[in-house]
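See structure below.
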Amino acid sequence: PQAYNFADYIWPGLLMSPQRILAIRDIEFQPSDIIIASYPKSGTTWVSELVSAIVHNGDTEAIKAKRQHERVPWLELNTDYAWVKLYDFWQSAQKALGYSPTVKEEDEKKSKPVARVWFTHLPLELLPKSALEGGCRIIYVSRNPKDNAVSFFHFHQMARFLGQQTTTWEEFFPLYASGDIYCGSWFEHVLSYWTFSRVNKHVLFLKYEDMKKDLSREVSNICDFIDFDLDNEARKRVIHHCTFDTMKNNRMANREGVWLFNQARSKFMRKGVVGDWKNYFTVGQSEIFDQLYSYKMKGSNLDYEFDPEEPFE
Ligand code: A3P
């Protein structure tokens, strides 16, 4: 199905219906619920795995028994569709081929969550009212928009539901800069959540670059925010479980086998670095984008790091 326009945004037709987008507005949350929000390709999967591991008290063995999208479902998805059906299909195909089922009953029990967690890419104004009013906690993760653009470009190459697998970087760059894509403008998305987070204590605003620099500090930050205390061993397990290499090789976190993503074209866990934009932006694109960035970010008191601390490969 084609992408469609609704409420001033472009939506992927296969996954989300206008009915669902509207129905989300009325979901009632509990104070212990956690929503991870982001503009796509900002580190959502990373923060989802971190939060999931933390709310399971660092029992990484238990969470390895369950795919991430079951532990941290996508809020705006037409429930009972795509991932779930495809996951069932994948499980039954595995069984038919004689593999043992992935989720054993005892693992299922062990991995029972102590807090419900979702992720969403919804723009702030379309979030459930209950979440906006402080009915649950919101963790927003963001990333410098040059790396974000490159990651989103690769995502368009592999996400079957976005229908833009042949879009080149030259074509993608102006779409990204103008916000004429799924989820709209990076600037509007990020700045609205940023402003909201300044005046709402139930919102934590994170940056990908900070997580790359000091994951341990950001884990503490998240634990404090959601009132979870991890002992040292559990903390170490969480951090190890959520490094790029561990997650890349963990098929319960890397979306392996999900038909929606053609990972033969580009991996979900693609590169995981700061500064990859230098391999894609021309000098001209970089200059134009810098101007756009200073214009849009002016007065926001929000800034990003675009360069890795260490020289990148
Ligand atoms: P790249 O495409 O630059 O590699 P999202 O989860 O929001 O879709 O974001 C995906 C981006 O986060 C990808 O960026 C992916 O590699 C990166 N990522 C995922 N897990 C990560 C981790 N543990 N450490 C660093 N980067 C990670």
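Does residue 300 count as touching a Phe, Trp or Tyr at 6+ places or on another chain (Cβ under 7 Å), modelled with pLDDT of 95 or more and away from the ligand (no atom under 16 Å from the Cβ)? Against the criterion (touching a Phe, Trp or Tyr at 6+ places or on another chain (Cβ under 7 Å), modelled with pLDDT of 95 or more and away from the ligand (no atom under 16 Å from the Cβ)), residue 300 qualifies. The condition (being among the polar types (S, T, N, Q) and within 17 Å of residue 296 (Cβ to Cβ)) is satisfied by just one residue among 178, 220: 178.
Applying the selection to the stretch 240-283, what residues are crowded, with 18+ Cβ neighbours inside 10 Å and not in a loop (DSSP other than H, G, I, E, B)? Hits for the stretch 240-283 are 241, 247, 261, 276, 277. Here residue 47 meets each of (1) assigned to a strand (DSSP E or B); (2) out of contact with any helix residue (DSSP H, G or I) (no Cβ under 7 Å at 6 or more places or on another chain) with one exception, condition (1).
Take the conditions (1) in contact (Cβ under 8 Å) with a residue 24 or more places away in the chain; (2) surrounded by fewer than 18 Cβ atoms within 10 Å (Cβ to Cβ); (3) over 28 Å from residue 128 (Cα atoms); residue 216 misses just one of them, which is (1). The sole residue among 22, 15 that is aliphatic (A, V, I, L, M), at pLDDT below 95 and within 16 Å of the ligand (Cβ to nearest atom) is 15. If you go through the stretch 163-207 and keep only what is crowded, with 18+ Cβ neighbours inside 10 Å, within 26 Å of residue 227 (Cβ to Cβ) and of a type in the set (Ser, Thr, Tyr), you end up with 193, 197.
With respect to residue 180, determine if the residue is more than 14 Å from the ligand (Cβ to nearest atom), modelled with pLDDT of 95 or more and under 30 Å from residue 283 (Cα atoms). Answer is yes for this residue. Does residue 11 meet the test of being buried (at least 22 other Cβ atoms within 10 Å of the Cβ) and touching a residue at least 24 places away in the same chain (Cβ under 8 Å)? When the stated conditions are applied, residue 11 does not pass them.
Within the stretch 146-162, restricting attention to residues that are crowded, with 21+ Cβ neighbours inside 10 Å and at pLDDT below 95, the residue that is farthest from residue 277 (Cα to Cα) is 162.
Taking residue 258 as the residue in question, decide whether it is β-branched (Val, Ile, Thr) and modelled with pLDDT under 95. Spelling it out, residue 258 is indeed β-branched (Val, Ile, Thr) and modelled with pLDDT under 95.
For the stretch 128-145, which residues satisfy the criterion of being surrounded by 21 or more Cβ atoms within 10 Å (Cβ to Cβ) and either part of a helix (DSSP H, G or I) or over 15 Å from the mean Cα position of the chain (by Cα) (or both)?
Within the stretch 128-145, 128, 131, 136, 137, 145 qualify.
Output yes when any residue across the stretch 153-174 is in a helix (DSSP H, G or I) and hydroxyl-bearing (Ser, Thr, Tyr), and no when none is. No.
The values are calculated or read from the model by the stated rules, or taken from the named source; none is laboratory data. These figures come from a predicted structure and were not determined experimentally. Every residue, glycine among them, receives a Cβ derived from its backbone with ideal geometry; neighbour counts consider all protein chains shown.
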